[in-house]
Amino acid sequence: MSSSQHRDFVSSMTFAKPSCDCDECDLPPDIAAAVKKRKATHNYGANKRINIRQSRILVARHGGYSVWKLVLPADCGDDPIVELRNSWRILFVERLAETLQIQSIGCGGIIGSALEESQRKVLDWKEGNAYFLPINKGVACGWICKQTNDKSDTEQKYLSTDENDQQQTTIYVMKATPQALDDDTDNKAPSWALKAKDSFTSLIQTEVAAKEDDESKSSVGLKEIGLTAKDSNEIRSILMDAIEITAHAGE
């Protein structure tokens with residue numbers, strides 16, 4: 001990617017906002033202001049405008065641990081929310097009808113450009129499964145929901161009881177910053193945060209072992225890693241715990 005293409009790519013990213021709350025920015029205020037100005041003046045083309053209808057909602061937070069709810073409208077031609085992979089992530093696919101599929105964003109060009117869209121990859125994600133996304137500083141991540149030709153669907157019990165949510169793809173994203181994992185365990189932390197630390201620590205150890213066993217696997221650490229059914233159920237339990245504790249705290 002040329003330097004000009006890289007600048008265009010960065011300018012199109014949703015993390016480049018002074019008020020962003022995604023935990024991934026770490027942008028100095030002067031750089032964030034410059035990026036915002038460029039986004040306001042850059043010409044994306046007569047028929048291209050950044051249009052984001054995906055939503056990202058903070059569910060729970062304790063120190064460097066957080067849980068987010070990401071809702072993706074299906075096949076609407078809109079642009080994805082984009083973040084930098086400066087934190088470790090575990091993604092739980094709460095809602096994904098069999099008529100839908102998830103694609104990851106491409107690694108080149110402006111979001112929504114022909115180059116970026118040509119590099120998008122279909123992910124074999126399944127509803128009810130969890131996926132571990134290792135930290136990869138400076139690399140962007142984002143997802144798009146697309147319609148398939150499969151007309152079958154199955155009924156599931158979802159974390160959310162909102163009927164509108166059940167008509168869209170819903171992903172819960174659990175994040176852990178490197179600093180949070182390095183710090184001593186906070187025994188006063190809520191149960192979900194303590195369990196999250198254990199899960200991240202175990203997955204990171206497994207990833208490190210995989211790299212040491214086979215250094216030729218250059219893709220290790222770059223893409224999502226599917227978790228077992230048992231681990232996925234444990235992640236779901238942690239998310240339910242976080243949702244319940246947060247709901248009670250607001251009463």
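Structure notes:
- Listed residue pairs exceeding 26 Å between alpha carbons, taken from Lys195/Lys223; Lys188/Lys223; Lys146/Lys195; Lys137/Lys230; Lys121/Lys197: Lys188/Lys223; Lys146/Lys195; Lys137/Lys230; Lys121/Lys197
- Share of carbon and sulfur in the accessible heavy-atom surface of the range 61-117 [1.4 Å probe, %]: 50 percent
- Centroid-to-centroid separation of the range 232-249 and the range 84-98 [C-alpha atoms, Å]: 15 Å
- Trp88 contributes an accessible area of around 30 Å² to the protein surface, as traced by a 1.4 Å probe with all chains present.
- Spatial extent of the range 93-132: Rg and Dmax, with the Cα atoms as the point set, Å: 12.1, 32
- In the complete set of protein chains, residue-level accessible area for Lys69 is approximately 30 Å², probe 1.4 angstrom.
- Potential lengthening between Ser237 and Arg56 on full extension [0.36 nm per residue; Cα-Cα distance subtracted]: 63.1 nm
- Approximating the spin labels as points 7 Å out from Cα along Cα→Cβ, the His248-to-Val122 distance works out to 4.4 nm.
- Using a probe of 1.4 angstrom and keeping all protein chains present, the accessible surface of the range 91-133 works out to 37 square angstrom per residue.
The values are calculated or read from the model by the stated rules, or taken from the named source; none is laboratory data. All figures in this text were calculated on a predicted structure; none of them were measured in a lab. Positions of Cβ are generated from backbone atoms using ideal geometry, with glycine treated the same way; all protein chains shown enter the neighbour counts. The accessibility values were calculated without ligands, DNA or RNA, using every heavy atom of the protein model including side chains. Shrake-Rupley method; radii C 1.70, N 1.55, O 1.52, S 1.80 Å.
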